[in-house]
Amino acid sequence: MWNWLKQCYHRLGSPKWFYQISGRWLPWFGVACVLLLSIGLVWGLAFAPMDYQQGNSFRIIYLHVPAAILAQSIYMMMAAMGVVLLVWKIKMADVLAKALAPIGASMTFLALVTGSIWGMPTWGTWWVWDARLTSMLILLFLYLGVIALREALSPEDAAAKACAILAIVGVINIPIIKYSVDLWYTLHQPATFSLTEKPAMPMEMWLPLLVMVLGFYCFLAWATLLRARHEILRREQQAHWVRELMLRE
Amino acid sequence: MSEAFRPLSPVSHHPVRLSRVLWAALKREWCLQVRRRGDLINPLLFFALVTILFPLGVSPVSEVLAPVASGVLWVAALLATLLSLDALFRPDLLDGSLEQWVVSGQPVAPLALAKVMMHWLLGSLPLIVLAPFLGMMLFLPWSAVPALMAALFLGTGVLALVGAIGAALTAGLGKSGVLLTLMVLPLYIPVLILGTQTVQYAIAGHSPLPTLALLMAMWVVALMLAPWAISASLKVVVQGQ
């Protein structure tokens with residue numbers, strides 16, 4: 001089992017193998033993504049019971065919560081890829097990190113936008129300097145910083161390592177930022193909203209949310225693999241196997 | 001044979017002690033940075049000017065200025081530190097000194113730390129001395145000044161160490177002002193929050209020690225970890241040249 005995993009890990013480090021294996025996985029993730037997202041959306045938006053306090057406006061959590069979960073976990077994945085790149089010098093890790101960054105930034109943006117759309121009917125304002133909102137906004141800027149750094153640096157492997165270092169520094173900072181923003185919020189913000197104590201979610205509301213989260217993860221896998229495959233073809237355009245592949249198609 | 005003409009062997013049998021390397025690096029940084037006076041004075045002028053903009057732009061009344069004084073001073077100090085860091089490593093990269101660091105066989109992290117320490121000493125200490133006077137102009141109560149200075153003392157250290165990582169990563173670029181800001185400012189937010197909180201506590205008559213302790217903790221963590229990130233970044237930049 002262990003040896004098999006190790007073999008798998010090393011094979012995935014080779015662009016050619018990754019391209020072939022991911023080609024086989026891609027349709028599965030695509031199908032799972034479409035199925036789960038459509039089931040989750042229809043279930044959540046049409047059949048889940050209405051919230052007794054917020055009415056129908058609560059249904060935006062079926063987009064908001066999965067996007068927020070992905071926004072945070074994608075940054076962790078990016079930093080993990082950075083460690084793999086710096087420690088084992090596996091170039092595929094950087095291909096994945098490059099593929100992940102814009103998806104993470106868009107998920108953070110989606111979480112912020114859906115949150116603010118939900119905030120308008122519920123809190124009566126588009127934006128509140130709430131601890132969670134603020135740390136999400138900072139996360140968005142962390143993503144944009146990584147993307148901008150990659151755009152700016154010119155030799156590709158130098159840019160890759162620089163982005164890896166920045167992502168790791170960011171991951172060490174995220175808990176500190178979160179803690180300090182919490183401290184700032186608790187000291188400054190008068191208790192305007194008593195929405196911090198959520199009523200425990202009933203099963204009929206929670207299950208579609210779970211389906212949506214799984215669907216978002218499948219979307220993440222599908223989008224990342226697709227972007228990574230394009231990146232491989234671009235980077236390996238001089239390689240023999242890519243030329244053969246191009247000639248065949 | 002005199003000391004100066006002893007043949008150089010490629011592998012030294014008497015490795016140079018790290019403390020001597022560190023001392024030499026500090027002396028070099030002192031000379032370099034003292035001789036570039038403009039780079040030392042400009043951030044201070046920037047700090048003063050940004051602070052002066054607020055009474056002009058918001059309101060000159062003490063009821064408006066006093067509550068925001070600590071925030072204004074911290075934002076100005078943060079931006080001044082950030083801008084002064086932009087050219088921290090670039091001249092050394094261009095004249096080849098960084099390459100010599102990497103091939104010298106000495107660990108790069110202490111050398112980088114020496115550079116950041118000297119930059120903090122010459123760049124941030126004057127800023128800390130200037131801060132009470134600007135605070136006075138913003139009607140910051142005198143009782144909050146010790147807390148402000150202590151918070152700036154610890155906070156600018158963290159700002160210099162964290163910002164140096166960004167400066168090292170962007171050293172290879174011709175100009176990096178906006179990129180450096182975009183990369184580093186999100187990482188500066190904890191220092192800003194804790195720094196202003198410290199002053200607010202002092203104004204309200206509470207003890208500023210809890211947030212000062214947190215700032216101190218951040219300073220220690222930054223002092224421990226940042227040199228390694230800086231040295232890794234410098235190696236990446238030197239290899240990328």
- [ ] For residues that are under 13 Å from A:Ile61 (Cα atoms) and β-branched (Val, Ile, Thr), scanning just region A:113-139, find the one that is modelled with the lowest pLDDT.
- [x] A:Thr122
Open item on the list: Would you confirm whether or not region B:186-201 contains a residue that is surrounded by fewer than 24 Cβ atoms within 10 Å (Cβ to Cβ), more than 10 Å from every other protein chain (Cβ to nearest Cβ) and over 17 Å from A:Val169 (Cβ atoms)?
Closed with: no
Open item on the list: Return the residues of region A:120-131 that are crowded, with 19+ Cβ neighbours inside 10 Å and either touching a Leu at 6+ places or on another chain (Cβ under 9 Å) or without any contact (Cβ under 8 Å) to a residue 12 or more places away in the chain (or both); say none if nothing qualifies.
Closed with: A:Ala131
Open item on the list: Can you go through B:Leu122, B:Leu88, B:Leu161 and tell me which one is part of a helix (DSSP H, G or I), within 30 Å of B:Gly240 (Cβ to Cβ) and at pLDDT below 95?
Closed with: B:Leu122
TODO: Might you let me know whether region B:171-179 holds any residue that is touching an Asp or Glu at 6+ places or on another chain (Cβ under 7 Å), of a type outside the set (A, V, I, L, M, F, W, C) and not in a helix (DSSP H, G or I)?
DONE: yes
- [ ] Report whether or not B:Ala171 is at pLDDT below 95 and in contact with a Lys or Arg (Cβ under 7 Å, 6 or more places away or on another chain).
- [x] yes
Task: Qualifying residues in region B:171-184 (those that are more than 7 Å from chain A (Cβ to nearest Cβ) and within 17 Å of the chain's Cα centre (by Cα)) - the one surrounded by the fewest Cβ atoms within 10 Å (Cβ to Cβ) - done: B:Gly177
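Out of everything in region A:117-169 that is of a type in the set (Phe, Trp, Tyr) and away from every other protein chain (no Cβ under 14 Å), what residue ends up being nearest to the chain's Cα centre (by Cα)?
Here is the first cut: in region A:117-169, the ones of a type in the set (Phe, Trp, Tyr) are A:118, A:123, A:126-127, A:129, A:141, A:143.
Now narrow it down to the ones that are away from every other protein chain (no Cβ under 14 Å): A:118, A:123, A:126-127.
On the way: A:Trp118: 21, A:Trp123: 27, A:Trp126: 24, A:Trp127: 23 Å.
The extreme case among them is A:Trp118.
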Task: Where B:Leu121 falls short, out of the listed (1) of a type in the set (A, V, I, L, M, F, W, C); (2) closer than 20 Å to B:Leu173 by Cβ; (3) surrounded by fewer than 20 Cβ atoms within 10 Å (Cβ to Cβ) - done: (2)
Task: Checking B:Leu140 against (1) part of a helix (DSSP H, G or I); (2) more than 10 Å from chain A (Cβ to nearest Cβ), the condition it does not meet - done: (1)
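Anything in region A:10-33 that is more than 17 Å from A:Ala221 (Cβ to Cβ) and either under 19 Å from the mean Cα position of the chain (by Cα) or not small (Gly, Ala, Ser) (or both)? List them, or say none.
A:His10, A:Arg11, A:Pro15, A:Lys16, A:Trp17
The values are calculated or read from the model by the stated rules, or taken from the named source; none is laboratory data. This one's a predicted model, so the numbers in the text were calculated from it and none came from an experiment. In this analysis, Cβ positions are derived from the backbone assuming ideal geometry, glycine residues included, and neighbour counts consider all displayed protein chains.
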